[in-house]
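See structure below.
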Amino acid sequence: MSPPGRPWLRRWLPAALSTLLALKASLCGHVSGSRPNFLLLMADDVGIGDIGCYGNDTIRTPNIDRLAEDGLILTQHLAAASVCTPSRAAFLTGRYPVRSGMVSSNGSRVLQWTAVSGGLPTNETTFAKILKDRGYATGLIGKWHLGLNCKSSHDHCHHPLNHGFDYFYGMPFSMMGDCAFWELSEKRVGLERRLSLCFQILVLAGLTLTAGKLSHLLVVSWTPVIWSTIGAMLLLTASRFVGTLIVHADCFVMRNHTITEQPMHFERTTALFLEEASSFLKRNKHRPFLLFVSFLHAHTPLMTTESFLGKSLHGLYGDNVEEMDWMVGQILGTLDREGLADRTLVYFTSDHGGSLESQIGNHQYGGWNGRYKGGKGMGGWEGGIRVPGIFRWPGVLPAGRVIHEPTSLMDVFPTVVQLGGGQLPQDRVIDGRDLLPILLGTARHSEHEFLLHYCETHLHAVRWHQRDRATVWKIHYMTPVFQPEGAGACYGRGVCPCSGENVAQHTPPLLFNLSGDPSETRALTPTTEPSFHQVLETVWRAVQEHRRTLSPAPPQMDTPGNTWRFGLQPCCGSFPFCWCDREGDPP
Ligand SMILES: *[C@@H]1O[C@H](CO)[C@@H](O)[C@H](O)[C@H]1NC(C)=O
Ligand SMILES: *[C@@H]1O[C@H](CO)[C@@H](O)[C@H](O)[C@H]1NC(C)=O
């Protein structure tokens, strides 16, 4: 934090720092220039209130906290979407997900299966791609959830290796309740219902045909009767084994283009991921690298290694977060041991806020968003989008600073690209802004005057940083209707909807002053806020301007791109016997 009482220091420190940075750049000049390595750590569904350095005093995240002590903390760091797939697409491309078509408009929200044709379009450019072209080794370990195939079960058009990563180890899909069996996902419940409906129809058809045959009225052969009986038997078997089918269909691990475990063995996943991260760092320590570790923690079903079970004060969820923190420590330990810490920019974030609906009885299975209202799935409320953001680069970034400026996960794109010596694509709009000036302290304000908060394709809210008044305004055009009323979440549904009858439209929009009311509890009125109309108008003009920059992209997550297809199902073995284990147990 810049010392408030010493304006001269505040003025000179940033300049001195950037001179130092330039000096450092010229000193370590020729080998890899000043280009740092990048270690990007992303948690899954972890709330900003789950982390010690963001104010949690009962959960233990000492490794993340130390990262923050040696680096700096962003307090207003925002995901471009409140669910996984669109948020991750925006992170990797630096663009609002509406631009790449990585949003649904029918409530699907995220890619629903591995065997769907939707995914990050091949003409989108990730920061990994740009850095790879600049000579970086680029690795992804962990969750992808941005699609896999387009036309066949092995074209891998959306695969990480087709998006700029030259090494991949992890889940092409995502963790979900089905992977563990004990938690029924909506997907499984819906599928079971549909299969049993088909079963009933087939049984009915079979009985009618049999009756017809017996009375010599309807059919002349037994063939349709036999087929409907076989069909009914198959469906009955399938609906009994829906869980198993889903686990085999989606809960598997790949190394590059090869499936290594189908289904995965969760008791060893943590150890394998750590082993992979460590060997990636060792393998590439003599060249510039970018390693993106995309944790499966702390998404339900909260697969936790035995040594962490029952250790936290916050049940299985807390155990899982503490295990993730331990993993962060292990990875940073490798960086230290390999002498890479000073040459590596480390970043920690979460893809969006914690899920309030993952609360079963008195048990907490989802993240905690601190004082912020709402959570995962809600496009506009802070709790769904305000996430941890920590940067560390010893000797370059000042340690211990706290930055309150509005920033976005999309900013990682231009920041990483420019530090890595790459060029930003010129043929498309990039919504992220280079963070380096505010990280170094050479700029006081982030470049984001406005940030838009979408829920699917619907613009739910906008934030405006009115710098001359040092105020961050937040305007909500739409908000989800909580269930039950006033509950603060949509219990009984997976996530709140983005549109339809359970979303309230606000005319005039709701206005909050986030600077004084971060919890969004006191909506302002023209009486309580004299500039009410002026703020609404300024923001509306910015929205119009933003809309002029949008051009339609093929939708990736509506029904055609987001429906399970037999021909796209990756299978290790011969269908339907998709199982294999090509992994030895970790050391
Ligand atoms: C710390 O995190 C746990 C787990 O999410 C949560 O239950 C608790 O309320 C948090 N405590 C504070 C002070 O934020
Ligand atoms: C990618 O291709 C689609 C059409 O196939 C197009 O609509 C979109 O604008 C393209 N994206 C970029 C970034 O060029």
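The values are calculated or read from the model by the stated rules, or taken from the named source; none is laboratory data. All of these numbers come straight from a predicted model, not from anything done at the bench. As a convention, Cβ positions derive from the backbone with ideal geometry for all residues, glycine included, and neighbour counts pool all protein chains shown.
Every residue in region 23-63 that is over 21 Å from A341 (Cβ atoms) and modelled with pLDDT under 95, please. Matches in region 23-63: S26, H30.
Just one of (1) under 28 Å from the mean Cα position of the chain (by Cα); (2) loosely packed, with under 13 Cβ neighbours inside 10 Å fails for E537. It is (1).
If the condition is being closer than 19 Å to I64 by Cβ and within 11 Å of ligand 1 (Cβ to nearest atom), then region 351-363 contributes only G354. The single condition among (1) farther than 17 Å from V247 by Cβ; (2) more than 16 Å from ligand 2 (Cβ to nearest atom); (3) surrounded by 22 or more Cβ atoms within 10 Å (Cβ to Cβ) that D133 does not meet is (3). In region 534-561, the residues that are within 20 Å of G432 (Cβ to Cβ) and at pLDDT below 95 never reach a residue that is among the aromatic types (F, W, Y) and buried (at least 17 other Cβ atoms within 10 Å of the Cβ) with C-beta atoms less than 8 angstrom apart, at least six apart or across chains. The helices (runs of 4 or more DSSP H) falling completely within region 199-285 that include 1 or more residues that are touching a residue at least 60 places away in the same chain (Cβ under 8 Å) map to 242-250, 266-283. For region 524-560, a residue qualifies if it is assigned to a loop (DSSP other than H, G, I, E, B) and more than 16 Å from ligand 2 (Cβ to nearest atom), and the qualifying residues are L524, T525, P526, T527, T528, E529, P530, S531. Of R88, R99, R66, all but one fail to be at pLDDT 95 or above, more than 19 Å from the chain's Cα centre (by Cα) and outside any loop (DSSP other than H, G, I, E, B); the exception is R66.
Just one of the listed residues (P518, P509) is within 16 Å of ligand 1 (Cβ to nearest atom) and surrounded by 17 or more Cβ atoms within 10 Å (Cβ to Cβ), namely P518. Once region 321-370 is narrowed to residues that are more than 27 Å from Y491 (Cα to Cα) and hydroxyl-bearing (S, T, Y), the residue that is farthest from ligand 2 (Cβ to nearest atom) is T334.
Restricting attention to region 436-487, the residues being in a strand (DSSP E or B) and modelled with pLDDT under 95 number 1. Restricting attention to region 403-417, does a residue exist that is in a loop (DSSP other than H, G, I, E, B) and at negative phi? Within region 403-417 (the criterion being in a loop (DSSP other than H, G, I, E, B) and at negative phi), the answer is no, since none of the residues qualifies. Restricting attention to region 307-350, the residues that are touching a residue at least 60 places away in the same chain (Cβ under 8 Å), among the hydroxyl-bearing types (S, T, Y) and more than 16 Å from ligand 1 (Cβ to nearest atom) add up to 3.
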